[in-house]
1. Send over a whole-number figure in Å² for the accessible area per residue of the stretch 179-474, probe 1.4 Å.
2. Just want the answer: with Cβ charges of +1 for Lys and Arg and -1 for Asp and Glu, which residue in 329, 1, 126 is farthest toward the dipole's positive end in the chain?
3. Could you give me the ³J(HN,Hα) list for the stretch 89-95, computed from phi with Karplus coefficients 6.51, -1.76, 1.60 and θ = phi - 60°, whole Hz, x at Gly and Pro?
4. For the chain, what percent of Cα pairs sit more than 27 Å apart?
5. May I ask what percent, to the nearest 5, of DSSP beta bridges between residues of the stretch 179-474 are antiparallel?
6. Quick one: dipole size for the chain, taken about the Cα centre, charges +1 on Lys/Arg Cβ and -1 on Asp/Glu Cβ, in debye to the nearest 20.
7. Which ³J(HN,Hα) values in Hz, rounded to whole numbers, follow from the phi angles of the stretch 313-321 under the Karplus curve 6.51 cos²θ - 1.76 cosθ + 1.60, where θ = phi - 60° and Gly and Pro get x?
8. ³J(HN,Hα) across the stretch 298-306 via Karplus (A = 6.51, B = -1.76, C = 1.60, θ = phi - 60°), whole Hz, x for Gly/Pro?
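The values are calculated or read from the model by the stated rules, or taken from the named source; none is laboratory data. Source: prediction; values computed, not measured. Here Cβ is always computed from backbone atoms with ideal geometry, including for glycine, and neighbour counts include all displayed protein chains. Just the protein is used for accessible areas: all its heavy atoms, side chains included, with ligands, DNA and RNA removed. Shrake-Rupley method; radii C 1.70, N 1.55, O 1.52, S 1.80 Å.
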Amino acid sequence: MITSFIIPPSRNKRKFIRLIDCSHETKADYLWQPNDYIIMSSYFKEDDELSLIDGTADELDDKEFYKKINHLNVNIDIIFFSLGSVSYYDDIKYLKKIRDIFQNSTICVLGDIFLEENFRKDIFYLDIDAIIYKPYNLDVEKIANIRKLKKQKKNYHLDFVITDPKEHPFLKDRNKKVSFVKSNLPRHDLFRKNYAWPFLTTKNFTTVTTMWGCTYSCSYCTSGLMHPICKENDDIINELKYIKKLGFKEVQFFDKVFGVPKNIRKDLLKQIIHENINLKYSCYFHPSIFDNEILTLMKDAGFHTIVIGIDSKDLKNLALYNRKVNENVLNELLNFADKIGISVCADFIIGLPHESKEDIYNTINYAKEIKIDFASFNIAAPLPGSTFRENAIRSGKIKSENLSDTLKTSVSISKLSLEELNSIRERANIAFYLRWKIFYRRIKNLKSFEHFFIQIGQFRGMIAKNFFGNFFKKN
Ligand code: SF4
């Protein structure tokens, strides 16, 4: 079987991320690995021929991109192609050409926009064969056969991919109870490119997912619509050992929330320590999972950084968005992480519909007071599939029948204008990062010269993308 995973180039070499559950432009000088593709690569046999063309990571221009596409076997069995809401109309142009070249191959797409029925319909008009809505339990032989069956006008419908635009299995059945899957080893070696994420201590890294989807349902987040699917501990241990054998030094756990289910993952951490796997790790983590034992085990296993969603100083009002975080637990987590030497990045959301300007500044000031090492300020947006978008449609800010309108995440859903929010966000970054306390914490937690240079690169990228906008125009 011959298969290619394709990510199109991004306009002006920007760093767009295109995944099943989210799509955005990165805020500093990094680009996540294509995590869905990594998981999907585990469903192929050893002698199956896989390739990866990533026009964004390799910063390909159109000529270079199509040169690589034209090198593929014209009878390739499957092409996977990822699109994002941030780049939909550009991505579609590449996809149309690829469909023209590979008339006999099954082409499957994935992307956050397919949470919306209009985009599912749009893609099937282009004679695309299936939409991947989860990267697990893929029978790749059956996927490869879709095109042939379709041409013979035989039944080609499968339940592990979408072939009918009317239905999205996750939206029909919002089941939040975790499912466990057995999994083989992904082809980590295939995904060695210029990928990065800001918290690495070495560039020699790869990505592992212990739980895909999310057990929580925060209404502003599209990942909360995805059914949580967990790997078994033994499979994760085998994967980590394999990664070590391949020579990688660090792992980014790509889970939306690492540590679910808690007791099972505590056993995983004990096994990592017991077997002395000796890799470095960072992950996303939910404050409600915290207890001293799990964080101590994480530290002993090799975790150096966690990313947590604090989202707002006003935790009580986050319940409006189905997000429940206990203030005492959060404070204990921050103090304990500081005590045992785990760095913390906190995500904040500004411009939530209930917030006043004062609320937003309270959040920014709170970010400066607490013991964290990094802060990420995000503007609340009506992402495709989110309840914010549904509300924006109801209030007439977005027209649902218009695809380009759906892609307009640059619509303020706040009492403040988008311009004002962008300006506040820039000031928040300056107020948070340009402080001696932050320089001191970052220097204190440096692990190596390589880590130092990675941090400098990320800081430079963040300055370029976040500081030199409205701030200097206005000052
Ligand atoms: S916990 Fe995080 S990933 Fe999960 S639904 Fe909430 S914001 Fe989304």
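1. Details: 12550 Å² over 296 residues.
Computed with neighbouring chains in place, this is 42 Å² per residue.
2. So the residue furthest toward the plus end is 329.
3. My calculation for the stretch 89-95 gives 5, 5, 4, 4, 4, 5, 4 Hz in order.
4. 56 percent
5. In the stretch 179-474, DSSP labels about 5 percent of beta bridges as antiparallel.
6. 700 debye
7. 5, 8, 4, 4, 6, 5, 4, 4, 10
8. The phi angles translate into 4, 4, 5, 6, x, 6, 10, 9, 10 Hz.
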